[in-house]
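Single-structure report; data block below.
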Amino acid sequence: MALVRHRRHSKLCLPIPEPSERRPRFPLPIPPVTTKTYSSVAGDAIAPADIEKLAVLGHGNGGTVYKVRHKVTSNIYALKVIHSDADSTTRRRALSETIILSRTTDCPHVVRYHGSFEKPSGDVEILMEYVDGGTLETALKNTGTFSEQRLASVARDILNGLAHLHARNIAHRDIKPANILVNNEGEVKIADFGVSKLMCRTLEACNSYVGTCAYMSPERFDPDACGGNYNGFAADIWSLGLTLLELYVGHFPFLQAGQRPDWATLMCAICFGDPPTLPETASMEFRSFVGCCLQKESGERWAAAQLLTHPFVCINPESKKEENNNERQMCGNESRWKGKGERMDERAAMFGSAYHEIVGTWQVECPIPSSCLCLSFALDASICP
C-alpha cells in the first residue's frame, strides 16, 4: 500500500528542473575516440604518424600545445595534447572543446578545428589552426597599449566570432586577452573553448564558476542578487568590454596597475564597485561602446549583432578621419548646422534611422565623434545642442 504524505508547507514551492537538464551526480565517462586519423576540414585524413612536432607553444592545466607540421603537405598546425594523467575535469573540457569547435569550422574569427584523436597511451590530441601572432595578452606585454583604431578592428573581429557562436547557441564563457589569438596580418580569432557551453535553448542557464573569475560578469559572481537570470551570451559581452578596456589602459580595469587580485576583491569591485573610469583621451564612441558592454544588468547589455552596428566598429578608420574633419567644418558652418529643431542632412538622417531601429527605440543618444554636438535621433531626425 502506497503511503501518501501531505505537503507540510503549502507555500514552499521549489522549482524542479526537467530530467534532461539535471546535472549528473557522478562524472560521466569520456566517449572513446574510434577514429585513427584526424579528419581535416577539407575532408582529407591526417594520420597522427604524419604529424611532426616543431616547438612547444604553451602548457598548463594538464596539457601541452605544440606547433606541428604535416609531413605530407608541410602545412603548419597547432596540436593540443591533453595528457592521460590529467584529471577528469580537464579531459572532459577537452571533449567539450572538440564538440564545440566542430560546429564552428566556417567562421574566420574562430580558431579552425581539424580533428581529434585518442592515442593508445590515453593522451587526447586536438588538431587546430596555427595562429602565428600569439595572443592579445602577449601583444599587450610586448607592444604596449592599443590605439582606438586597432581596438576597433579587434572588437569587430571578436564580435563577428561571438555573433557566429551565439547564433549556434554557444557561449564561450572565458573571453579574455589570453584566449584571443591574432595572426601576423592582424586578424583576430577566438580560441580556448575548454569551458564553453553548448546551450540547448537560448535561455538555458550555464551559471557555474568556470573560466577566469576576473572577467566574470556580476550575475555570475552573485546570481541570487540578479534574480538567477544568467545569460551566457550577455556574460561574453561583459568579458569583451573588460578585454578591450584592459588593452586600452594596460592593466585590469577594475584594479590599480600592479595590484594582485583575490576572489573577494574581484567580487566587490565587479558586483558593488563603480564602473571603470576611462581616461580623458578616450573618444565618445569608445566610451559608449564600453558602456554598452559593461552594464551591470545583463539584460541592458547589447548583443554581439547589435554591437556590430555601433559607430565605434562600423566606421572604418579612413572614413572616421573624414568624419572628424567634416565635423570641424560643420561646427563652424551655420548654413548646414543651425541648431535645435533643424533637420540633419540626408546622410546623417539615414545613419540615425538605421541606428535607432537596431536598438529598438525611437530615440537614442548616439555618440557621434564630436565634442561640439550631441545628436538625439528622433522621428524627425532633429539636432539637439
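The values are calculated or read from the model by the stated rules, or taken from the named source; none is laboratory data. Everything quoted here is computed from the prediction, not taken from an experiment. A quick note on method: Cβ atoms are made from the backbone with ideal geometry, for glycine too, and the neighbour counts reach across all protein chains shown.
Taking the condition assigned by TED's automatic domain parsing to the domain that holds PRO218, under 18 Å from THR145 (Cβ atoms) and either modelled with pLDDT under 80 or touching a helix residue (DSSP H, G or I) at 6+ places or on another chain (Cβ under 7 Å) (or both), does PRO317 pass? Write out each step before concluding.
Numbers: assigned by TED's automatic domain parsing to the domain that holds PRO218: no; under 18 Å from THR145 (Cβ atoms): yes; either modelled with pLDDT under 80 or touching a helix residue (DSSP H, G or I) at 6+ places or on another chain (Cβ under 7 Å) (or both): yes.
So PRO317 fails the test.
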Next item on the list: Name the single residue, out of those in the range 34-83 being modelled with pLDDT of 85 or more and under 24 Å from the mean Cα position of the chain (by Cα), that is farthest from PHE117 (Cα to Cα).
Entry: LEU57
Item checked: Check on THR281, under 23 Å from LEU140 (Cβ atoms), surrounded by fewer than 22 Cβ atoms within 10 Å (Cβ to Cβ) and modelled with pLDDT of 90 or more -> yes
Check: Of the residues LYS119, LYS176, LYS141, which single one is surrounded by fewer than 23 Cβ atoms within 10 Å (Cβ to Cβ), within 22 Å of LEU57 (Cα to Cα) and within 14 Å of the chain's Cα centre (by Cα)?
Finding: LYS176
Next item on the list: Within the range 238-292, track down each residue that is more than 21 Å from ARG173 (Cβ to Cβ), of a type outside the set (Gly, Ala, Ser) and in a helix (DSSP H, G or I).
Entry: TYR248, VAL249, THR265, CYS268, PHE272, MET284, GLU285, PHE286, ARG287, PHE289
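Any residue that is over 13 Å from MET216 (Cβ atoms), in contact with a Lys or Arg (Cβ under 6 Å, 6 or more places away or on another chain) and surrounded by fewer than 19 Cβ atoms within 10 Å (Cβ to Cβ) - is there at least one of those in the range 245-253?
In the first step, residues of the range 245-253 are kept if they are over 13 Å from MET216 (Cβ atoms); the result is 245-251, 253.
Adding the requirement that they be in contact with a Lys or Arg (Cβ under 6 Å, 6 or more places away or on another chain) leaves none.
No, the range 245-253 contains no residue that is over 13 Å from MET216 (Cβ atoms), in contact with a Lys or Arg (Cβ under 6 Å, 6 or more places away or on another chain) and surrounded by fewer than 19 Cβ atoms within 10 Å (Cβ to Cβ).
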Item checked: Residue match in the range 285-297 (condition: among the β-branched types (Val, Ile, Thr) and within 14 Å of the chain's Cα centre (by Cα)) -> yes
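With the requirement that a residue be closer than 14 Å to LEU242 by Cα and out of contact with any Leu (no Cβ under 9 Å at 6 or more places or on another chain), what does the range 274-286 give you? Step through it out loud before you land on a result.
At the first step, the residues of the range 274-286 found to be closer than 14 Å to LEU242 by Cα are 274-278, 286.
Result: ASP274, THR277.
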